[in-house]
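Everything on this sheet refers to the single structure shown next.
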Amino acid sequence: MQEPIELNAAERHLLQALTNGASNKDIALEVAKSEFTIRNQLSRLFKKLDVGNRNQAAFWYREHLAQLARQWHAGVADRRNGNSLDRRNGVRLGVSARAQVAEHA
């Protein structure tokens, strides 16, 4: 089994923006960063998810949305109880994104 993928809040936000059809410029304006920074962050995220482009990343996000939400809510509950999900509010997923895209191609 592959190592789980860990996503922090910023990476989840990028994926949500991609899924909603936002351009790099739109995302940059929203988070007050340069388009160059957003492009680099997306490039790193694509490598992390093992996808080749923003469409595959958006597909990956839609496929894992329910799991992300459950894990995020569990993390909120843990923090309310004095526990921490992890130091960056990350989410771990045990599915290869490229494998998921290949299954549905």
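Here are some notes:
- Lysines whose Cα lies under 17 Å from that of K25, excluding same-chain neighbours fewer than 8 positions away: K33
- Local electrostatic count at T19 - Lys and Arg +1, Asp and Glu -1, tallied over other residues with Cβ under 12 Å: +2
- Relative exposure of F36, F46, judged by other C-beta atoms within 10 Å (fewest first): F36, F46
FYI, it's all coordinate maths here, none of it is from the lab. Please read these numbers as outputs of a predicted model, since none were measured by experiment. With ideal geometry, Cβ positions are generated from the backbone for all residues, glycine too; neighbour counts draw on all protein chains shown.
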